[in-house]
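The values are calculated or read from the model by the stated rules, or taken from the named source; none is laboratory data. In this text, all values refer to a predicted model and were calculated from it rather than measured experimentally. With ideal geometry, Cβ positions are generated from the backbone for all residues, glycine too; neighbour counts draw on all protein chains shown. What goes into the accessible areas is simple: the full protein's heavy atoms, side chains included, and nothing from ligands, DNA or RNA. Shrake-Rupley method; radii C 1.70, N 1.55, O 1.52, S 1.80 Å.
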Amino acid sequence: MSNNLSAPNGPGRPKDLAKRQAILDAAKILFLSKGYANTSMDAVAAEAGVSKLTVYSHFNDKETLFSAAVMAKCEEQLPTLFFELPDGIAVETVLLNIARGFHQLINSDESVNLHRLMMALGSQDPKLSLIFFEAGPQRMLHGMERLLTKVDQSGALRIDKARNAAEHFFCLLKGAANFRLLYGCGEPLTGDAAEEHVQEVVGLFMRAYRP
């Protein structure tokens, strides 16, 4: 008797995962180059080289696709694993890794263009702004808040308000340089200058919350 078991039909198969990634890559390109309103699911399907039905089978609508594209961009630079506190690893090392990833993320061309897009669309479509905030900044704040709560419980730092501390951490990293970059009157910090900024911010943070 032959064993004729078929492969599962869920989105977990390698072929489906490859198509999903192609759709997300296409969405990031089109949302940033054409804007949200001018990007259709048909255009995303054509850019990704898949059918429109395939796009809808992975993402129910354009809002869901936009949210997933923002999350995917953040996940590239700051995977969930970054917000863990492994045994035997110094808190400062963990914070430096997060700081480097975040700093690279916010100064990337994709991130800068996306923030400019959201600044232009925010007053027109607050719902879209909320989708962006929850998929990007909110996700990172939650991850950082959970991490800092664990750091406080470990006794390495004394952090009474983990959410506030998470916001302080990311705001310090953005600094004035990122504002200048968003406004088009500055260049991103790179190389030694970027590392010096990251080290300084983490040092300030450690001193602020040291017991």
Legend entry - Principal axis dimensions, region 80-144 - Cα atoms, whole angstrom, descending: 48, 22, 13
Legend entry - Helix 14-34 vs. the chain, principal-axis angle (Cα, 0 to 90°, nearest 10): 70
Inset, instruction - With a/c under 1.5 counting as rounded, go ahead and sort the chain into rounded, prolate or oblate using the C-alpha gyration tensor (a ≥ b ≥ c being the square roots of the eigenvalues; past the cut-off, prolate if a/b is larger than b/c, else oblate). - result: oblate
Inset, instruction - Could you please state, rounded to a whole Å, how far the C-alpha centre of region 41-91 is from the C-alpha centre of region 132-195? - result: 21
Inset, instruction - Arrange the peptides 40-50, 20-30, 181-191 so that the one whose residues have, on average, the most other Cβ atoms within 10 Å appears first. - result: 20-30, 40-50, 181-191
Inset, instruction - Using 0.36 nm per residue of separation minus the Cα-Cα distance, give me the extension gain between Ala37 and Glu187 in nm, one decimal. - result: 51.1 nm
Inset, instruction - Counting other Cβ atoms within 10 Å, keep those with at most 14, restrict to DSSP loop, and tell me which trypsin sites (Lys or Arg not before Pro) in region 168-210 are left. - result: none
Legend entry - Rounded to 10°, Cα long-axis angle of helix 126-135 versus longest principal axis of the chain: 70
Inset, instruction - May I ask you to evaluate 6.51 cos²θ - 1.76 cosθ + 1.60, the Karplus curve with θ = phi - 60°, for each residue of region 62-73 and list the ³J(HN,Hα) values in order in whole Hz, giving x for glycine and proline? - result: 5, 4, 4, 5, 4, 4, 5, 5, 5, 4, 5, 4
Legend entry - Folded to 0 to 90 degrees: helix 91-106 orientation relative to the chain principal axis, Cα: 50
Inset, instruction - With a 1.4 Å probe and every protein chain kept in, tell me what percent of the accessible surface of region 17-61 is carbon plus sulfur. - result: 51
Inset, instruction - Over 23 Å between C-alpha atoms is what I'm after, so list which of Lys127/Lys150; Lys73/Lys161; Lys127/Lys174; Lys34/Lys62; Lys19/Lys62 land there. - result: Lys127/Lys150; Lys73/Lys161; Lys127/Lys174
Inset, instruction - Multiply the residue gap between Leu17 and His168 by 0.36 nm, knock off their C-alpha separation, and tell me the result in nm, one decimal place. - result: 50.7 nm
Legend entry - Potential extension, Asp25-Ser123 segment - 0.36 nm per residue separation minus Cα distance: 32.6 nm
Legend entry - Prolate/oblate/rounded label for region 17-61 (Cα gyration tensor, a/c 1.5): prolate
